[in-house]
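The values are calculated or read from the model by the stated rules, or taken from the named source; none is laboratory data. Since the model is a prediction, treat every value here as computed from it, not as a measurement. All Cβ positions, glycine included, derive from the backbone under ideal geometry; neighbour counts span all protein chains shown. Protein only, heavy atoms only, side chains kept; ligands, DNA and RNA dropped before computing areas. Shrake-Rupley method; radii C 1.70, N 1.55, O 1.52, S 1.80 Å.
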Amino acid sequence: MIFPQAKADGRAGLQTDGGEAAIAAIDKSIKEFNGDPKRVVLTGYSAGGNGTWSLASKRPEKFAGIVPVCAFVSELKGRASSVTYPALAPGEDPYTEIAKKVGSIPIQILHGAKDDVVLPDESRKMFAALKKLGAKVGYTELPNVNHNAWDPAYSSAELIAWMLNQKRP
């Protein structure tokens with residue numbers, strides 16, 4: 001497991017050089033610990049969920065599966081950090097553009113139904129765009145959960161089992 005952190009420098013870190021550093025850390029860890037490069041699963045929550053969509057869209061061949069939690073694709077200004085995260089793709093429909101790039105990867109999306117930080121519509125729109133393309137995608141909207149969707153998401157034995165069972169051909 002690798003836990004990259006974005007620098008607190010006012011930039012959307014995983015969309016830029018932080019994302020490349022995360023990929024380098026994955027490659028280094030696989031080599032150092034004799035890991036299986038076909039079993040890399042990427043997950044992140046909130047800004048890390050945005051980073052999950054970003055990294056997977058840039059390097060889809062790297063990942064056996066992805067799990068974005070309370071993630072976003074469109075432009076968003078962080079309430080706590082004041083960082084402005086640009087949309088991951090230009091134009092009116094960044095969801096379809098990102099879906100085209102990640103649609104070959106098995107995906108599980110999770111979002112709190114009462115999230116008022118990153119609205120659930122972000123995940124609903126990504127799910128719809130991926131389904132329209134025929135992607136292998138699941139969507140779980142957690143009832144009565146606000147932005148802290150990661151606690152119920154990552155405590156789910158089913159989700160952990162799903163992640164452990166992913167392998168690229």
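Go through region 33-67 and name the chymotrypsin sites (Phe, Trp or Tyr not before Pro) that are in a DSSP coil and have 15 or fewer other Cβ atoms within 10 Å of their Cβ. Before the final figure, lay out the partial values.
Numbers: sites: PHE33, TYR45, TRP53, PHE63; in loops: PHE33, PHE63.
Counting only loop positions with at most 15 other Cβ atoms within 10 Å, the chymotrypsin sites (Phe, Trp or Tyr not before Pro) in region 33-67 are PHE33.
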Leaving out ligands, DNA and RNA, and with a 1.4 Å probe, what % of the accessible surface on the chain is carbon or sulfur? 54 percent
Lys/Arg Cβ at +1, Asp/Glu Cβ at -1, dipole of the chain taken about the Cα centre: which of TYR154, GLY35, VAL102 is farthest positive-ward? GLY35
Calculate, in nm to one decimal, what SER155 and GLU20 gain on full extension: separation in residues at 0.36 nm each, minus their alpha carbon distance. 45.8 nm
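Using only C-alpha positions, report the orientation-averaged shadow area of the convex hull of the chain, nm², one decimal. Mind dumping the intermediate values first?
Details: hull surface 37.4 nm².
Orientation-averaged projected area of the Cα hull: 9.4 nm².
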Let me make sure I get this right: for region 86-129, a, b and c are the square roots of the gyration tensor eigenvalues over alpha carbons, sorted descending. Under 1.5 in a/c it's rounded, otherwise prolate if a/b > b/c, else oblate. Which is it? oblate
Scoring only Lys, Arg, Asp and Glu (+1, +1, -1, -1) among other residues with Cβ under 12 Å from the Cβ of LYS131 yields +4
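Contact order normalised by length for the chain, with contacts defined as Cα pairs under 8 Å and 6 or more residues apart; what percent is it?
21 percent
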What share of the DSSP beta bridges in the chain is antiparallel, in percent to the nearest 5? 15 percent
Assuming a ≥ b ≥ c are the square roots of the Cα gyration tensor eigenvalues, decide whether region 111-169 counts as rounded (a/c under 1.5), prolate (otherwise, with a/b larger than b/c) or oblate. oblate
Apply the Karplus curve 6.51 cos²θ - 1.76 cosθ + 1.60, θ = phi - 60°, to the phi angles in region 103-120 and return the couplings in whole Hz, x for Gly and Pro. x, 7, 9, x, 9, 10, 9, 10, 7, x, 5, 10, 5, 10, 9, 10, 5, x
Can you list which of the GluC sites (Glu not before Pro) found in region 40-96 are DSSP loop residues with at most 14 other C-beta atoms within 10 Å? GLU75, GLU92
Using Cα positions and a limit of under 24 Å, work out the lysines in reach of LYS114, with same-chain residues fewer than 8 apart set aside. LYS77, LYS125, LYS131
Spelling it out for GLY65: with amide H atoms placed in the peptide plane at 1.01 Å from N, the residues 5 or more places away or on another chain with amide H under 5 Å from its amide H are LEU42
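Which whole-number percentage describes the relative contact order of region 81-169, with Cα contacts under 8 Å and a sequence gap of 6 or more?
Working: 100 pairs, mean separation 26.2, N = 89.
RCO, region 81-169: 29 percent.
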Residue by residue, what Karplus-based ³J(HN,Hα) values in Hz, rounded to whole numbers, does region 24-36 have, using 6.51, -1.76 and 1.60 with θ = phi - 60° and x for Gly and Pro? 4, 5, 4, 4, 5, 5, 4, 5, 5, 9, 6, x, 9
